[in-house]
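Engineer: One structure, as structure tokens, below. Some questions next.
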Amino acid sequence: MPRDISSNTASTRAELAALASTLEQCRDRISALAETRAMAVRDPNNADSGDDLLTAIYEAERGLNNSIRLVQRAAKQGRL
């Protein structure tokens, strides 16, 4: 692999790793928010009580988990 491509690949992988780390921090914040919200809306008399905001937060958390996995996979591309 030519040096300039190799250097660019290493730089790109490093940037992707940094982005994955940032996404993990966002996921941790969303998870904490979900936990707080779940405790606030918990109704022991109604186990099926739903909360649209909590549902949306859980969806965002799943989306971040998928994003993290995809970015980490991209960062591994090109390694020999």
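What follows draws every value from the coordinates through simple rules; no lab data is involved. Please read all numbers here as calculations on a predicted model, not as lab measurements. Methodologically, a virtual Cβ is constructed for each residue, glycine included, from the backbone with ideal geometry; neighbour enumeration extends over all protein chains shown.
Engineer: Which of the listed residues, Gly50, Leu33, Ala17, is farthest toward the dipole's positive end in the chain, when Lys, Arg count +1 and Asp, Glu count -1 at the beta-carbon?
Structural biologist: Result: Ala17.
Engineer: If each DSSP helix of 4+ residues adds -39,500 (n - 2.57) and the sum is divided by the residues in the chain, what number results at 222 nm, nearest 500 deg cm²/dmol?
Structural biologist: On the way: 2 runs with 64 residues, N = 80.
Calculated at 222 nm, the ellipticity per residue is -29000 deg cm²/dmol.
Engineer: Please work out how much length the chain gains when fully extended from Asp52 to Arg29, using 0.36 nm per residue of separation minus the C-alpha to C-alpha distance, in nm with one decimal. If you can, show how the numbers build up before the last one.
Structural biologist: On the way: separation 23, 0.36 × 23 = 8.28 nm, distance 1.86 nm.
Between Asp52 and Arg29, full extension yields 6.4 nm more.
Engineer: With labels modelled as points extended 7 Å from the Cα through the Cβ direction, what inter-label distance (nm, one decimal) is found for Asp43 paired with Asn66?
Structural biologist: 3.0
Engineer: Now a separate question. Provide the convex hull volume over Cα atoms per residue for the chain, in Å³. Show your work: numbers first, answer last.
Structural biologist: Working: hull volume 6.4 nm³, N = 80.
So the per-residue Cα hull volume is 80 Å³.
Engineer: Next question. Is there a quick way to get the dipole size of the chain? I mean about its Cα centre, with the Cβ of Lys and Arg at +1 and of Asp and Glu at -1; what is the value in debye to the nearest 20?
Structural biologist: Values: 11 positive and 11 negative charges, 132 e Å.
Dipole magnitude for the chain comes out near 640 debye.
Engineer: Another one. Relative to the longest principal axis of the chain, what angle (0 to 90°, nearest 10) does the C-alpha long axis of helix 52-76 take?
Structural biologist: Compared with the principal axis, the helix lies near 20 degrees.
Engineer: Turning to a different aspect of this structure: I'd like the orientation of helix 3-41 relative to the chain: the angle between its Cα long axis and the longest Cα principal axis, in ° from 0 to 90, rounded to 10.
Structural biologist: 10
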